[in-house]
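Beneath this line is the structure, given in structure tokens, with notes to follow.
The values are calculated or read from the model by the stated rules, or taken from the named source; none is laboratory data. Worth saying up front: this structure is predicted, and the values here are computed from it rather than measured. Glycine gets a Cβ as well: all are built from the backbone with ideal geometry, and neighbour counts include every protein chain shown. These area figures cover heavy atoms from the full protein model, side chains too; ligands, DNA and RNA do not enter into them. Shrake-Rupley method; radii C 1.70, N 1.55, O 1.52, S 1.80 Å.
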Amino acid sequence: PSNLCCVATYKGIGAAFLNDGEPYRGGSLRAGEIGHMIVEPNGIPCRCGARGCLENYCSTSALERLYAEDGGEKRGADEILALVNGGDARALRVFGSVCDYLSIGLINLVRTLDPDEIVIPDRLAIAADALKEGLEKRMFAVLSRNAVKLTVRKYDKTATLRGANAVVFGHALSEPCTFFEKYVK
């Protein structure tokens, strides 16, 4: 699709946008900072200085915090996601809360940017089936089914590196003289 949004879910939440096949960076090159979208007025204080930012409710750090708060036990995100995949009731309950908030952010993206597709290839996708099911249930209760295609890809720790390489090589191949004059000298 020519209008695509890729959402990264790790310790923070970020997004990359393609508009008509071209990266959208915004006026001050900060487009995609969706983790700092306010979803809870007067919510948890964020490192950015605001309160109630999305990433405090649906990042891997949030998953770890919520899991510990739910039962007092501290575990890493990968371990919790493995428990989600195994059907653990507490992990699924906490993961449901993460899906609640992530779906709020994605609904806001759909209503603001109207992408053809949203792709989530990152850490939360370790539990890809549960994530896709949880997000679709929540998002399409509010949005029409044809509002956006939601793709959750199995987690691949090389995806970010491959994406960055694609951008660099794309510039090098589309404008080789300009690229080499600017970056290879």
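Over the stretch 37-137, with the other protein chains present, what is the accessible area per residue in square angstrom, probe 1.4 angstrom?
Values: 4510 Å² over 101 residues.
I get 45 Å² per residue for the stretch 37-137.
Sorting 42-53, 130-141, 22-33 by their mean Cβ neighbour count within 10 Å, with the most densely packed peptide first, gives 130-141, 42-53, 22-33.
For Lys149, the residues 5 or more places off, or on other chains, whose built amide H falls under 5 Å of its own are Glu117, Ile118.
Sequence-ordered 3J(HN,Hα) estimates for the stretch 103-110 from the Karplus curve with 6.51, -1.76 and 1.60 and θ = phi - 60° stand at 5, 4, x, 5, 4, 4, 5, 4 Hz, glycine and proline given as x. Per-residue 3J(HN,Hα) values for the stretch 13-28, derived from phi via the Karplus relation 6.51 cos²θ - 1.76 cosθ + 1.60 with θ = phi - 60°, read 10, x, 9, 10, 10, 10, 10, 6, x, 10, x, 9, 10, x, x, 10 Hz in sequence order (x marks Gly and Pro). The share of accessible area on the stretch 1-102 that comes from carbon and sulfur is 50 percent, using a 1.4 angstrom probe.
A cut-off of 5 Å between modelled amide H atoms, ignoring neighbours fewer than 5 places along the same chain, links Ala8 with Gly14, Ala15, Ala16.
Just subtract the alpha-carbon distance of Asp88 and Glu40 from 0.36 nm times their residue separation and send over the number in nm, one decimal. Please list the in-between numbers first.
Details: separation 48, 0.36 × 48 = 17.28 nm, distance 2.73 nm.
Extra length available between Asp88 and Glu40 comes to 14.5 nm.
Principal axis analysis of the Cα atoms in the stretch 68-127 yields extents of 39, 20, 17 Å, listed in decreasing size.
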